[in-house]
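Read-outs: derived from the displayed coordinates by stated rules, not from any lab. Here the structure is a predicted model, which means the values were calculated and not measured. Note that each Cβ is placed from the backbone with ideal geometry, even for glycine, and that neighbours are counted across all protein chains shown.
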Amino acid sequence: MPELPEVEALRRSLDDPVSAFPIVRAGPAHVATLKTFDPPLSALEGRRLAGARRRGKRLLFPTADGELVLLVHMMSAGRLRYLRPGASRPKTPAFRLAFQDGGELILTEAGSKKRAGVWLLNPEEAEQEVAHLGPEALGLGAERLGEICATESRRLHALLRDQRAVAGIGRGWANEILHRARLSPYALSRDLEPEEVARLAAAIDEELARGLELRERGANDRKTYRVHHRLREPCYVCGTPIERIDFEEHTIYYCPQCQTGGRVLKDRRLSRLLR
Ligand SMILES: [Zn+2]
């Protein structure tokens, strides 16, 4: 799933092209992709977008007249691209926006499950749509992170991925950040010493900034992640093989030497079966 570095890199690349020309045709959209019906997508036609904005993992495209906001959430398999005039087009995208010069903004989604979403909202509705999100992860700072950690006792990996607590981090960057911070994914947020909170806050900024820089240069997952999806590969700090914990919905990658004092964490699914 695209997270803050990926979505921010995309936002930066879309900001100019989507605002260069007015929209001539909005849609069609896949029935499962379009989440709103009033106003209709055709309300965008003839308007110009002000550019691309981002909140957490969502992209927002306000119109230049300030009346409408197009919101896009790619979820795990959605892919949003700007195609230049004359570039070849996918046949049945989940959503498309055609500009006057022939350029198009295209959302495609691999697989049969349509999870990515497009909303056309007025500015107040758009604000409500993102109101539940916590503060942006990049630039959060130790003080704010300390408050979030103290609110309730949560395992760090789950807390970092909770968009209501902190916006923009998912599985991939939670693995990278906790590794950089030398903290166990299972450590409880309230048990952290102030020095550990500071280390975690620094790791959030360092890793997300590193990811953003790489993604802006077009780096793929293999070149970007150093812990995520690196099972049994040597840790880039200490050389210990990276371990993985499997859950039904996701997996956690970590270094037992750098993060858990040499302990290998139990696979919860497996331990449940053996109980
Ligand atoms: Zn290590």
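Listed values, structure above:
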{"item": "Rg over Rh [alpha-carbon atoms, Kirkwood Rh] for the range 25-106", "result": "0.93"}
{"item": "Extension gain from Lys91 to Asp205, taking 0.36 nm per residue of separation minus the Cα-Cα distance", "result": "37.1 nm"}
{"item": "Nonlocal amide H pairs with Gly168, under 5 Å, H built at 1.01 Å", "result": "Lys57"}
{"item": "Karplus-derived HN-Hα couplings along the range 45-53 (A = 6.51, B = -1.76, C = 1.60, θ = phi - 60°), whole Hz, x at Gly and Pro", "result": "5, x, 9, 10, 7, 7, x, 10, 10"}
{"item": "Degrees between helix 194-216 axis and first principal axis of the chain (Cα, 0 to 90, nearest 10)", "result": "40"}
{"item": "Amide H contacts under 5 Å for Leu49, placed H, 5+ residues apart", "result": "Ile23, Ala64"}
{"item": "At R0 = 22 Å, FRET efficiency that the Cβ-Cβ distance of Ala20 and Glu67 yields, to 0.05", "result": "0.65"}
{"item": "Relative contact order for the range 155-250, counting Cα pairs under 8 Å that sit 6 or more residues apart, in percent", "result": "23"}
{"item": "Estimated D of the range 172-267 in µm² per second, where Rh is the Kirkwood radius over Cα pairs and Stokes-Einstein applies at 10 °C, 1.306 mPa s", "result": "115"}
{"item": "Of the trypsin sites (Lys or Arg not before Pro) in the range 100-191, those whose Cβ has at most 12 other Cβ within 10 Å and which sit in DSSP loop", "result": "Lys113, Arg164"}
{"item": "Mean separation of Cα contacts under 8 Å, 6 or more apart, over the residue count of the range 85-189: relative contact order %", "result": "20"}
{"item": "Inter-label distance for Thr251 and Asp191, nm, one decimal - labels placed 7 Å from Cα along Cα-to-Cβ", "result": "2.5"}
{"item": "Convex hull volume per residue for the range 62-171, taking Cα atoms only, in Å³", "result": "149"}
{"item": "Cα point-scatterer Debye curve for the range 1-49, base-10 log of I(q)/I(0) at q = 0.18, 0.20, 0.31 Å⁻¹", "result": "-0.78, -0.89, -0.99"}
{"item": "Added length on full extension, which subtracts the Cα-Cα distance from 0.36 nm per residue, Glu127 to Lys114", "result": "2.3 nm"}
{"item": "Other-chain or far-sequence residues with amide H under 5 Å of Arg154's (modelled H)", "result": "Ser189, Arg190"}
{"item": "Fraction of alpha-carbon pairs over 25 Å apart in the chain - percent", "result": "51"}
{"item": "Calculated from backbone phi, Karplus (6.51, -1.76, 1.60) coupling profile of the range 73-78 in Hz, x at Gly/Pro", "result": "10, 7, 6, 8, 10, x"}
{"item": "Number of Lys pairs (Cα under 18 Å; 8 or more positions apart or on different chains) in the chain", "result": "6"}
{"item": "Residue-span extension gain [Arg263 to Asp221] - 0.36 nm each, minus C-alpha spacing", "result": "12.4 nm"}
{"item": "Stretch in the chain that is longest and holds no GluC sites (Glu not before Pro) that DSSP places in a loop and that have at most 11 other beta carbons within 10 Å", "result": "1-151"}
{"item": "The range 106-264 shape via C-alpha gyration tensor axes, a/c threshold 1.5", "result": "oblate"}
{"item": "Inverse of mean 1/r across different Cα pairs in the range 74-134, Kirkwood, Å", "result": "13.3"}
